[in-house]
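All remarks here apply to the structure that follows.
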Amino acid sequence: MRINWAVLTRKTHYWASLVIFLPAFIIIGTGTVLQLKKDVHWIQPATQRGTGTLPQISFADILAAAQSVEAAAINDWQDIDRVDVRPSRGMLKIRSLNRWEIQIDATTAEILQVAYRRSDLIETIHDGSFFHDNIKLWVFFPTAIILFAMWLTGSYLFVLPVLSRRKKRERLEIKAKTRA
């Protein structure tokens, strides 16, 4: 039995698009938003500049500054997701578990900015872990593989008419030469 690659490719492309419709929509939508995270401060707060380049404050100073921000709801270190030290900008970013970001001066512990950080939430939606770790592995990862297969089949479907026209042209040229 001979396989008709054009038909198989079309059917694969068609059904694969149906299977990955929703996860691909989520990945593309959130990926588009994440491309703008450094430009749109609603997504991710702009990084401020502190004084100096060498951190001078202690961990106790960092915790005290974080605790002074009511919106972040930080009582102790367990309420902090991470501390991001930016020596070249002279500041630290403290991210609370409730997604508030506090930027403090690394020399004076002065609060430079407090803002809600949406980029981390958008990233978890983008990779599927927002829904469940198994969704990330068993839905979003296969979606990436299927999307790659669709890229391959789509490329084949794009090139197929070009190859077909070239083959037809070559046959016509051979016919013309044999008649002459």
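Some points to look at:
- Pairs, first within 29 Å of residue 109 (Cβ to Cβ) in the stretch 29-56, second among the acidic types (Asp, Glu) and surrounded by 13 or more Cβ atoms within 10 Å (Cβ to Cβ), C-beta under 8 Å, six or more apart: 45/101; 50/105; 50/110; 51/105
- Verdict on residue 146 being modelled with pLDDT of 95 or more and of a type in the set (Val, Ile, Thr): no
- Residue within the stretch 121-131 that is in the same structural domain as residue 16 (by TED's automatic domain parsing) and over 16 Å from the mean Cα position of the chain (by Cα) present: no
Conditions tested, residue by residue: (1) of a type outside the set (A, V, I, L, M); (2) at pLDDT below 95; (3) within 22 Å of residue 31 (Cβ to Cβ).
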position	(1), (2), (3)
79	yes, no, no
82	yes, no, no
86	yes, yes, no
93	yes, no, no
97	no, no, no
105	yes, no, no
114	no, no, no
117	yes, no, yes
125	no, no, yes
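- The residue that is farthest from residue 43 (Cα to Cα), among those in the stretch 76-114 that are surrounded by fewer than 16 Cβ atoms within 10 Å (Cβ to Cβ) and of a type in the set (A, V, I, L, M, F, W, C), is 77.
- Test: residue in the stretch 116-130 that is outside any helix (DSSP H, G or I), more than 30 Å from residue 67 (Cβ to Cβ) and small (Gly, Ala, Ser): yes
- Taken as a whole, the condition of being of a type in the set (Lys, Arg) and in the same structural domain as residue 31 (by TED's automatic domain parsing) applies to residue 136.
The values are calculated or read from the model by the stated rules, or taken from the named source; none is laboratory data. Since we're looking at a predicted model, the values are computed, not measured. Heads up, the Cβs are rebuilt from the backbone with ideal geometry, glycines too, and the neighbour counts pull from every protein chain shown.
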